[in-house]
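First the structure, in the form of structure tokens, and then the observations on it.
The values are calculated or read from the model by the stated rules, or taken from the named source; none is laboratory data. All values reported here derive from a predicted model rather than from experimental measurement. What goes into the accessible areas is simple: the full protein's heavy atoms, side chains included, and nothing from ligands, DNA or RNA. Shrake-Rupley method; radii C 1.70, N 1.55, O 1.52, S 1.80 Å.
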Amino acid sequence: MPHPGAHLARPAGQGERLDPLAALRGPADPPWDVYLTGTVFLDIVFTGLDTAPVRGTETWARGMGSSPGGVANMATALARLGLRTSLAATFGDDHYGEYCWDTLEQGEGIDLSPSRSVAGWHSPVTVSMAYEGERTMVSHGHEAPPGEAGPDHPPRARAAVASLVPGRRDPWIAEAAAGGTRIFADVGWDDTGAWDLAGLPDLEHCEAFLPNAAEAMRYTGADCPRAAAHALTEHVPVAVVTLGADGAYAVDRRTGESAEVPAIAVEALDPTGAGDVFVAGFVTGTLAGWPLADRLAFAGLTAALSVQEFGGSLSAPGWSEIAAWWRRVQSVDAQDPAALARYAFLESLLPPGTPRSWPLRRAVPTIGFGRSA
């Protein structure tokens, strides 16, 4: 299937950015490409640690960043890939909440009209320490006040991203799916130990399910991730199983396609948010109508680019980073032709040069800059 192409667009209040859905847009389209809801954290990330912190000692980190986290990681990744993104979340009215709101709305161009700022509720905070390609996190927060979790009805959107919780049904998912929104879902670790797909009632409304290998095998009882992916397509049309350092495997029941793409070898600085970036890349390729293998390769590429920087939303790549990577790998001597061919579809998507307005203004690593007295 040929790629429909992508063009530069200028959303209100933003500089030029690449629009991967430009050739598909029409006057009857929903106002948003992707809708999502969840909890926004303030993430404070320490990097450059040689070892894990040791009790009773002080450890100095060589790097540090602050950025919106939680569901903001996914929202930022989608927006930087050019999708019109709408987020429903609760924000505190403290400085942390104001910082996260301003960063997402003004810095990333994310629609926050379904979101709310709650007086007297302090923002959830996560401190993440990254070392040896892994992370350790400490979080603090409180449940949002009743009635402040999100809007009663989701806005019209091409797609929505949902995080399924075992044993819980979210009414907005069924409503969105009934209105024509394509639902993409991931899932967290099942602390109940049941690992029963019947405990994920909203899976019936989903177009795609994207668990990791351990989750997929536990839910299906399969002895390998690939078999698990095929088993999951009895419950959802598209199953994508991430394989960590081995890449990802996907099956589309409707078309009969299956695809496996190896991971791109990179030096990982911080894996925070990489899973969210992977989902964002896969959603982008799906909405643009790309073949399954290209969607999988693009998702893996964006995730690989993200782990080379620190932070969750801070590290989400935009098209400028993707273009820079593609130009760079083509210039490497003795590059594997087969590996280059896997990503050749990028050539028709990327502009010949990077506009000066790229990348979009990123979240600053320290809270408080840019405020006038």
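In what sequence, largest accessible area first, do 205, 235 appear using a 1.4 Å probe?
My answer, sorted largest first, is 235, 205.
Check residue 257: other-chain or 5+ apart residues with amide H under 5 Å from its amide H, H built from backbone geometry?
Distant-sequence amide H within range of residue 257: 252.
Could you state the per residue volume, in Å³, of the convex hull enclosing the Cα atoms of the range 75-124? Present the calculation step by step, with values, prior to reporting the outcome.
Working: hull volume 3.1 nm³, N = 50.
Each residue corresponds to 62 Å³ of Cα convex hull volume.
Quick one: accessible surface of residue 40, probe radius 1.4 Å, all protein chains present, in square angstrom to the nearest 10.
10 Å²
Using a 1.4 Å probe, how large is the accessible area of residue 327, given in Å² and rounded to the nearest 10?
Per-residue accessible area (residue 327): approximately 90 Å².
Would you list 96, 131 from the most to the least accessible area, probe 1.4 Å?
96, 131
With the radius of gyration and the Kirkwood radius both derived from the Cα set of the range 23-144, what is their ratio Rg to Rh?
Values: Rg = 16.9 Å, Rh = 15.9 Å.
Checking Rg against Rh, the ratio lands at 1.07.
Please compute P(r) over all alpha-carbon pairs of the range 70-199, binned at 5 Å starting from zero, and give each bin as a whole-number percent.
P(r) over the range 70-199, rounded to whole percents: 2, 9, 15, 19, 21, 19, 11, 4, 1.
What's log10 of I(q)/I(0) for the range 125-220 at q = 0.17, 0.19, 0.22, 0.25 Å⁻¹, Debye sum over Cα points only, no solvent?
For the range 125-220, the Cα-only Debye profile gives -0.95, -1.07, -1.16, -1.21.
Using a 1.4 angstrom probe with every protein chain in place, what is the largest-first accessible-area order of 322, 264?
Values: 322 0, 264 40 Å².
Largest accessible area first, the list is 264, 322.
Based on the alpha-carbon set only, what is the convex hull volume of the range 176-267 divided per residue, in Å³?
Cα convex hull per residue, to the nearest whole number: 117 Å³.
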